[in-house]
Structure formats: structure tokens, C-alpha cells
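Shown next, in C-alpha cells, is the structure this report addresses.
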Amino acid sequence: WDNADFSRGIGTTYYQEYLTLNTAKPPFVRDVEAKVRRYLKSSYSAAWTLKITWEKAPAYAARTDTRRTITYQAVLTTDGFRSYILVLYQQGGMQWDYTKLAATNVLIGYT
């Protein structure tokens with residue numbers, strides 16, 4: 001596991017909450033619903049969704065290399081009974097230079 005390091009003023013974190021219970025759903029939420037339905041082959045209608053974006057995030061420790069950044073998102077969504085998370089990376093995948101990290105057993109994603 002490795003952390004993003006925003007201590008040098010490089011990169012930004014954004015978030016947006018979508019409350020969609022009894023309201024019209026924006027295209028982003030409809031896309032999330034479609035992904036959940038496709039990946040899990042089940043019906044799904046989001047009541048709440050949270051999108052978090054880490055833009056141009058440098059790896060910890062930023063003092064060693066601020067040129068290689070990554071933009072990625074975590075999308076949390078629930079229908080009130082079931083909850084899911086989508087982890088999305090920019091095209092090309094993780095761009096951090098893993099050879100400069102303290103740990104050599106690098107894993108992208110979560111368990």
C-alpha cells in the first residue's frame with residue numbers, strides 16, 4: 001500500500017455527492033448503475049453515490065518525485081441495502097514509479 005502525498009502543493013482532491021432517492025438521476029449516476037448491473041448481472045438503482053477524484057496526485061514521498069502523478073477515482077454507491085465501490089484509474093493505469101517506493105510488493109486496488 002502506498003499513499004498519495006499532497007504536502008508539496010501538487011495535486012488536488014475533489015468530491016461530489018449525488019442524493020438520488022426520489023429525484024432525477026444525472027448521467028454520471030446512470031453510468032454507475034449501468035456498470036454495477038453489467039459487472040454483477042443484477043438490478044441496481046442508486047439511492048446515494050459519492051465520487052472522489054484524486055487529480056495529479058504524486059506518490060508518497062512527494063519530495064522524491066513530483067513529475068509522475070496519477071489521477072484516479074473511487075465511486076461509492078448504495079441502494080440502501082447493497083453498497084459497491086468502483087475504483088477507476090486514468091487510461092494507462094497507475095503512473096507512479098514503483099521502483100522508487102519503500103515497499104517492492106506493489107498492489108493496485110483493494111481487498
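If the segment from T23 to Y39 were pulled out straight at 0.36 nm per residue, it would be longer than the present Cα-Cα gap by 3.3 nm.
For the stretch 12-100, the relative contact order comes to 26 percent (Cα pairs under 8 Å, sequence separation of at least 6).
Placing pseudo-labels 7 Å out from each Cα toward the beta carbon at S7 and L86 gives an inter-label distance of 3.4 nm.
So if R0 is 25 Å, what FRET efficiency would Y60 and R30 give, r being the distance between their Cβ atoms, rounded to the nearest 0.05? Here the calculated transfer efficiency is 0.10.
The numbers here are math on the coordinates, done by the rules we state, and not lab data. Bear in mind the structure is a predicted one, so any value in this text is a computation, not a measurement. Cβ coordinates were reconstructed from backbone atoms using ideal geometry, including for glycine residues, and neighbour counts include every protein chain displayed.
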